[in-house]
Amino acid sequence: IHSHLFLPGLLIALRRVFDRSFVWVHTVHYLGYEGQRFAPFKRWLDTHFIFPSADRLVAVGQSCGDWLRESPKLRGKVVIIRNQGLNEVTSVLLSRPAAPGPLVLGAVAMLRPEKGLDDLLNALHLLRSSGHDTTLLIAGEGPERARLEERIRALGLSDRVQLLGYVTDMPAFFARIHLLVTPS
């Protein structure tokens with residue numbers, strides 16, 4: 001079983017109490033629950049119940065892996081995968097000469113805070129401010145939609161960003177973009 005969100009992790013950890021017949025890999029790509037209700041309680045459950053119950057913890061990024069490895073009971077379970085930082089992607093794009101026609105960026109994510117879409121919008125604003133003709137298509141739906149729409153308006157990107165909602169034809173989505181960005 002693979003999981004990466006709090007509620008599925010909690011439910012699988014509860015099942016683990018009675019059934020250890022399956023292998024469980026839990027991906028961790030966040031260091032907190034900023035702005036969420038019951039954040040301290042969720043963090044406590046993660047570190048004392050959910051994470052220790054998993055067979056493997058896949059940490060997305062070095063900082064996440066280092067944080068998990070601070071706990072002796074988790075240290076042997078952590079595998080770190082490199083996550084190309086959004087700043088690195090932005091730097092590469094800024095160093096390239098502007099190409100004719102818009103560069104179409106794409107993101108696929110549930111519209112949630114830990115997905116880093118605010119950072120992606122800030123990067124797009126930086127690219128646009130630097131003269132790059134860049135647009136962004138975001139496939140996905142979620143509880144942050146209204147807040148992201150407001151952020152898009154505040155950055156003056158309404159004509160450059162499309163929140164597409166739930167997309168069923170992903171091959172067609174990928175055919176429309178030049179670069180897939182995963183800001184989480």
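The values are calculated or read from the model by the stated rules, or taken from the named source; none is laboratory data. Keep in mind that what you see is a predicted model, and the values were worked out from it rather than measured. With ideal geometry, Cβ positions are generated from the backbone for all residues, glycine too; neighbour counts draw on all protein chains shown. We work out accessible area using only protein heavy atoms, side chains counted, and drop any ligands, DNA or RNA first. Shrake-Rupley method; radii C 1.70, N 1.55, O 1.52, S 1.80 Å.
Key figures
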read-out	value
Any pair with Cβ under 7 angstrom, 6 or more apart, that starts in the stretch 143-172 at a residue that is under 14 Å from MET110 (Cα atoms) and ends at one that is open to solvent by 50 Å² or more (accessible area, probe 1.4 Å) and of a type in the set (Lys, Arg)	PRO143/ARG112; GLU144/ARG112; LEU163/ARG145
The stretch 1-42, subset within 26 Å of ARG82 (Cα to Cα) and charged (D, E, K, R), residue modelled with the highest pLDDT	LYS42
Unmet requirement for GLU114, which otherwise passes all of (1) closer than 20 Å to VAL28 by Cα; (2) modelled with pLDDT of 90 or more; (3) part of a helix (DSSP H, G or I)	(2)
Unique residue being on the phi < 0 side of the Ramachandran plot, assigned to a loop (DSSP other than H, G, I, E, B) and hydrophobic (A, V, I, L, M, F, W, C) when the list is VAL167, VAL104	VAL167
HIS4 in contact (Cβ under 8 Å) with a residue 60 or more places away in the chain, within 21 Å of MET110 (Cα to Cα) and in contact with a strand residue (DSSP E or B) (Cβ under 6 Å, 6 or more places away or on another chain)	no
ASP119 touching a Pro at 6+ places or on another chain (Cβ under 6 Å), acidic (Asp, Glu) and closer than 24 Å to PHE6 by Cβ	yes
Odd one out for ALA175 among (1) more than 28 Å from ILE81 (Cα to Cα); (2) open to solvent by 80 Å² or more (accessible area, probe 1.4 Å)	(1)
Filter pass, LEU137 being at pLDDT 90 or above, within 12 Å of LEU103 (Cβ to Cβ) and open to solvent by less than 60 Å² (accessible area, probe 1.4 Å)	yes
